[in-house]
Amino acid sequence: MRKLVRKWRDSKNEKFALPTHDDPDDSRLMDTQEQEETVRSLEAIQAQQSRLWRTVFVALLFCYILFLVYSIFQQASFPWELRYHAYFMEEVSSWMVVSADWVAVLACSFAIIGLLQKSMHRRRWIWYSGLTGIILAIFWLYYMLRLPKFRWDVIWLPFGPLFAAVVCLYVNHLLNESSGDVRKLREYMYAYKSS
C-alpha cells in the first residue's frame, strides 16, 4: 500500500496523481460583490427550476383532470360503458360515480392551486387535496371490496388523487428546502473587500 501511495505522489502522470487543492482559485476569498453575484445567480437558477418543476407537475395533474372530465362525460352520457365504471354497475348508482369523479377533479384542483400559489398557504391547499383524496379512497375501496372479485386494474380510482397529492406535497417540500438552502447561503455571506 505504501508503494502505491509513493507511486501516486511521485507520479508525473495525471492518471495516477492524487487530487490536490493547489488551485489558487479554490483558496482565495470572495469579496462582497462576488458573493452577492453568486448568490443572486443561485437564487435565479433556483426560482427558474422551481417554476419549471411546478409547471411540469401542474401539467400532469391537468392531464389527469382532463381524463376525469372525459370519464364524467362518458358516465353521464353513456352509463356503465367504460370498463372501469362498469365493474360497479351492481353496487353504485351512476350519479354516485359521476360525483366521485367530480370530487377527484376537486382534489386535483386543490393540488394545482397549492403548486401554483405564491403564498405561505400553498402547503395547506395540497393538504386539502390529500384529505379529499383520502375520502375518495375510502369511498372507492368500500365499493371495490364489495365486488365479487377484487379488480386490480381499477386501483387508480381510489389512489390516483391521493397519490397525486402526496407527490405534490413531496415536490413542494423539495422545492421549499432548496429555496431555504439558497436563503441560508445568503445568510452565510461574509464581509470581505479585496484590495
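Read-outs throughout are calculated quantities, based only on the coordinates presented, and are distinct from any laboratory measurement. Please read these numbers as outputs of a predicted model, since none were measured by experiment. Note: ideal-geometry Cβ built from the backbone for every residue, glycine included; neighbour counts use all protein chains shown.
Give the residue, chosen from R146, R183, R151, that is surrounded by 14 or more Cβ atoms within 10 Å (Cβ to Cβ) and of a type in the set (K, R). That would be R151, the only listed residue that is surrounded by 14 or more Cβ atoms within 10 Å (Cβ to Cβ) and of a type in the set (K, R). Among the residues that make up segment 94-113, is at least one of them more than 30 Å from R183 (Cβ to Cβ), of a type in the set (A, V, I, L, M) and out of contact with any helix residue (DSSP H, G or I) (no Cβ under 7 Å at 6 or more places or on another chain)? Scanning segment 94-113 turns up at least one residue that is more than 30 Å from R183 (Cβ to Cβ), of a type in the set (A, V, I, L, M) and out of contact with any helix residue (DSSP H, G or I) (no Cβ under 7 Å at 6 or more places or on another chain). Taking segment 57-163 and the helices (runs of 4 or more DSSP H) fully enclosed by it, the elements with 1 or more residues that are within 19 Å of H173 (Cβ to Cβ), in contact (Cβ under 8 Å) with a residue 40 or more places away in the chain and not charged (D, E, K, R) are at 94-116, 122-146. Quick check on segment 70-90: of everything there that is surrounded by fewer than 14 Cβ atoms within 10 Å (Cβ to Cβ) and farther than 14 Å from V154 by Cβ, which residue is farthest from the chain's Cα centre (by Cα)? Among those that are surrounded by fewer than 14 Cβ atoms within 10 Å (Cβ to Cβ) and farther than 14 Å from V154 by Cβ, it is E90.
Given the structure, is M189 touching a helix residue (DSSP H, G or I) at 6+ places or on another chain (Cβ under 6 Å) and outside any helix (DSSP H, G or I)? The answer is yes for M189. Kindly establish whether E43 is loosely packed, with under 15 Cβ neighbours inside 10 Å and acidic (D, E). Criteria not met by E43.
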